[in-house]
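To start, the structure itself, in structure tokens.
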Amino acid sequence: MSLLEHVILGAHEAGIDRFVIVVGYGADAMRRWFAGRSFGGVSIRLVDNLEYHKDNGVSVLKARDQLRESFLLVMADHIFEPRTAKALLEEPLLQGEVILAVDPKIDRVFDLDDATKVRRQGDHIVDIGKEITTYDAFDTGMFLCSPALFDVLESAKKEENCSLSDGMRILGRDGRLRAFDIGDASWQDVDTPEALAYAEDILTSSSAECLRRRG
């Protein structure tokens, strides 16, 4: 199963049935891939990002016209457990706020250098980035967002470019970036074959543990 199928099916299991997927490099191949597959009960709209060479905040902004209400923002290469998405969706979201699912298990990260770190004060995030040196959790790549995120990302642009972390830092300074602790749940950013193998291992273990608890 492809990474994107894991993301779509996991989010669908959590209760999401409408997806907006931003495509950039290889967009035609993505369209052919979707044309050959059926996701029952799921609506999928593809949005082009011709500026895919820029940072990921620009990719998020391409979906602006499609999203008028609160939404779950996930990365196409981040594996997660459906229970995490479901729990995050049940969180009350204040006007103009973003809630980021964070992992406090800082001694169990697969690739520390590549991980985006966060620093919290209480349940609010006050700093975020790959290079920060003081942190107490990791960004899992899953955000519950109000549409106000788009205005924040626009304000974060420099030379028509911005990253999600740029926008999150603005929200953090404004006290509008809240942390959601995923507890013992598993996730993985899959950037390499080694990360994929690690993700398969931890999620297989998590599924087996879930079956044992149910049994």
Next item on the list: Under 15 Å from the Cβ of D17, count the other residues' Cβ atoms, weight Lys and Arg +1, Asp and Glu -1, and hand me the total.
Entry: +1
Next item on the list: Give me the accessible area per residue for the chain, probe 1.4 Å, as a whole number in Å².
Entry: 54 Å²
Checklist line | Qualifying trypsin sites (Lys or Arg not before Pro) in the stretch 1-65, DSSP loop, other Cβ atoms within 10 Å at most 12 | finding: R37
Checklist line | Largest-first ordering by accessible area, 1.4 Å probe, given options R68, R176 | finding: R68, R176
Notebook entry, point to check: Taking a probe of 1.4 angstrom, what is the accessible area of F110 in Å², to the nearest 10?
Noted result: 80 Å²
Margin query: Let's see if you can work this out: charge +1 on each Lys and Arg Cβ, -1 on each Asp and Glu Cβ, no other charges. What is the dipole magnitude of the stretch 87-215 about its Cα centre, in debye to the nearest 20?
Written below: 420 debye
Notebook entry, point to check: What range in the chain is the longest one free of GluC sites (Glu not before Pro) that are in a loop by DSSP and have at most 11 other Cβ atoms within 10 angstrom?
Noted result: 1-68
Next item on the list: For the chain, compute Rh as the Kirkwood radius over C-alpha pairs and then the Stokes-Einstein diffusion coefficient at 37 °C and 0.692 mPa s; write the answer in µm²/s, rounded to an integer.
Entry: 183 µm²/s
Next item on the list: Please list V152, V126 in order of solvent-accessible area, largest first, computed with a 1.4 Å probe with all protein chains present.
Entry: V126, V152
Next item on the list: Take each complete run of DSSP H in the chain, measure how far its Cα atoms stretch along the helix's own axis, and keep only those covering 18 Å or more with mean Kyte-Doolittle hydropathy at least 1.0; list them.
Entry: none
Check: What are the extents of the Cα atoms of the stretch 1-123 along their three principal axes, listed from largest to smallest and rounded to whole Å?
Finding: 44, 31, 31
Check: In the chain, what is the count of Lys pairs whose alpha carbons are under 30 Å apart, counting only pairs at least 8 residues apart or on separate chains?
Finding: 20
Item checked: Exposure rank, largest accessible area first [Y25, Y52; 1.4 Å] -> Y25, Y52
Notebook entry, point to check: Taking amide H positions as placed 1.01 Å from N in the peptide plane, with prolines and chain starts having none, which residues 5 or more places from F180, or on another chain, fall under 5 Å of its amide H?
Noted result: L100, A101, V102
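The values are calculated or read from the model by the stated rules, or taken from the named source; none is laboratory data. Worth saying up front: this structure is predicted, and the values here are computed from it rather than measured. Reconstructed Cβ throughout: ideal geometry from the backbone, glycine too, with neighbour counts over all protein chains shown. Side chains included, ligands, DNA and RNA excluded: accessible areas come from the protein's heavy atoms. Shrake-Rupley method; radii C 1.70, N 1.55, O 1.52, S 1.80 Å.
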